[in-house]
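The values are calculated or read from the model by the stated rules, or taken from the named source; none is laboratory data. From a predicted model like this one, the values you see are computed outputs, not experimental measurements. Note that we place each Cβ from the backbone using ideal geometry, even for glycine, and neighbour counts take in every protein chain shown. Side chains are part of the model used for accessible areas, which takes the heavy atoms of the whole protein and leaves out ligands, DNA and RNA. Shrake-Rupley method; radii C 1.70, N 1.55, O 1.52, S 1.80 Å.
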Amino acid sequence: MTGATIVTFPSGAVVESAHVVGVHPAEEGAVVVLDRTPFHPVDHTWPDQPGDRGALRADDVEVAVTEAVMAAVSDEGEVAIGAAIPVKRGAEGWTWLVGHRVETVPAALAAGAAIEATVDAAYRAGLSRGHTACHLASLALDLAVADLWRKDPGSDALGSPDFEGRANQTSFIHPDGSVDEYRLGKSLRKAGFDTEEFAGSLAEREQRINAQLDAWVASAAVCRIEFDGDTIVDRRRWVCELPEGTASILCGGTHVASLAEFASIRVSLDLSDPQLLVMTTTAVPAGSPS
Ligand SMILES: [Zn+2]
């Protein structure tokens with residue numbers, strides 16, 4: 001069949017001229033594959049950031065893209081879309097594609113057609129702020145609980161004890177925010193984390209995180225995406241030049257170019273289930289009325 005989709009979102013693109021490679025019927029809406037795309041798809045194994053929305057236009061015909069998704073074609077020609085992909089991202093024997101889910105498929109979107117692919121830039125910007133805020137909140141959380149470890153759990157991207165890596169169980173990003181869940185069970189206690197002391201000082205920990213986030217937003221630190229190649233399964237890293245050091249985290253998502261794009265980032269911690277910490281992160285974009 002064809003080569004892997006070339007992706008241009010890592011360098012910030014939201015519009016591309018492209019050609020239709022194929023259209024695959026699917027229950028939740030047909031999926032259009034292009035030779036290159038600015039659309040960032042939701043990951044099929046760790047669906048933390050929703051896929052981009054936008055539109056595909058061929059001549060005078062425009063169709064809405066409801067969500068960009070991962071797609072893959074096996075060497076035997078089997079096409080799999082989104083959560084139905086039976087292998088891990090990047091697995092050998094598969095060609096990796098970005099699918100654009102559409103509600104209708106006009107004849108103008110046939111294979112070979114020249115089209116313009118346009119991402120909903122406001123929605124993308126909100127997700128990029130939400131994802132960057134999510135990383136910063138996690139790093140600030142690791143710092144704010146660093147004194148609660150009696151054993152070394154390994155280090156995060158800033159060299160703090162890696163609470164995030166040990167306890168994070170789910171992460172959901174939305175425009176201008178995220179919700180992260182952390183498992184505070186027996187295995188975390190065995191790993192040397194003082195869950196009782198944490199529960200007894202929750203409000204103070206939350207204050208520490210928010211003070212750290214205020215400082216990072218005030219630093220207007222520069223962030224970038226580093227990538228090893230231009231397919232969807234090439235490794236990408238979020239890199240941010242924080243005052244404490246350069247943080248580099250493996251991450252396939254989209255992010256802001258500078259922390260100056262935020263007016264503020266705040267978290268709230270919820271421990272109503274003592275085994276499950278829920279951290280809710282809320283970002284306010286710079287320049288928005290307060
Ligand atoms: Zn990420």
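Before moving on, here are some points about what is shown:
- Only Lys, Arg (+1) and Asp, Glu (-1) charged, at Cβ; the chain dipole about Cα centre in debye: 500 debye
- Rounded to the nearest 20 debye, dipole of the stretch 6-119 from Cβ charges on Lys, Arg, Asp, Glu: 180 debye
- Cα lying deepest toward the dipole's positive end in the chain, options 110, 125, 54, charges on Cβ: 125
- Ordering of 212-223, 26-37 by packing [mean C-beta count within 10 Å, highest first]: 26-37, 212-223
- Distance histogram for the chain (every C-alpha pair counted, 10 angstrom bins, percent rounded to whole numbers): 6, 27, 30, 22, 12, 3, 0
- Theoretical gain in end-to-end length, residue 151 to residue 222 [0.36 nm per residue, Cα-Cα removed]: 22.3 nm
- Shown in residue order for the stretch 85-92 are the 3J(HN,Hα) couplings computed by the Karplus curve 6.51 cos²θ - 1.76 cosθ + 1.60 at θ = phi - 60°: 5, x, 10, 5, 4, x, 4, 5 Hz (x for Gly and Pro).
- Extreme residue, positive dipole direction of the stretch 180-220, given options 215, 191, 201 (C-beta unit charges): 191
- Three principal axis lengths of the stretch 123-285 [C-alpha, angstrom, descending]: 43, 31, 27
- Extension gain (nm, one decimal) between residue 122 and residue 204, 0.36 nm per residue minus Cα-Cα: 26.0 nm
- Relative packing of peptides 78-89, 169-180 - highest average C-beta neighbours within 10 Å first: 169-180, 78-89
- Report summary: the helix-based calculation at 222 nm, which adds -39500 (n - 2.57) for every DSSP H run with n ≥ 4 and divides by the residues of the chain, gives -6000 deg cm²/dmol.
- Projecting the Cα atoms of 30, 81, 13 onto the dipole axis of the stretch 6-119, where Lys and Arg carry +1 and Asp and Glu carry -1 at the beta carbon, places 13 farthest toward the positive end.
- The protection proxy used here, the mean number of other Cβ atoms lying within 10 Å of each residue, ranks peptides 10-16, 59-65 as follows, highest first: 10-16, 59-65.
- Cross-link reach is defined here as a Cα-Cα straight distance under 24 Å, omitting same-chain residues fewer than 8 places apart; for residue 151 the lysines meeting it are 186, 190.
- C-alpha long axis of helix 202-219 to longest principal axis of the chain, angle in °: 60 degrees
- Remark on residue 21: its backbone amide H falls under 5 Å from those of 33, 34, 35, 112, a criterion applied only to residues 5 or more positions apart or on other chains, H modelled at 1.01 Å from N.
- Per atom type, the stretch 123-285 shows carbon and sulfur on 50% of its accessible surface, probed at 1.4 Å.
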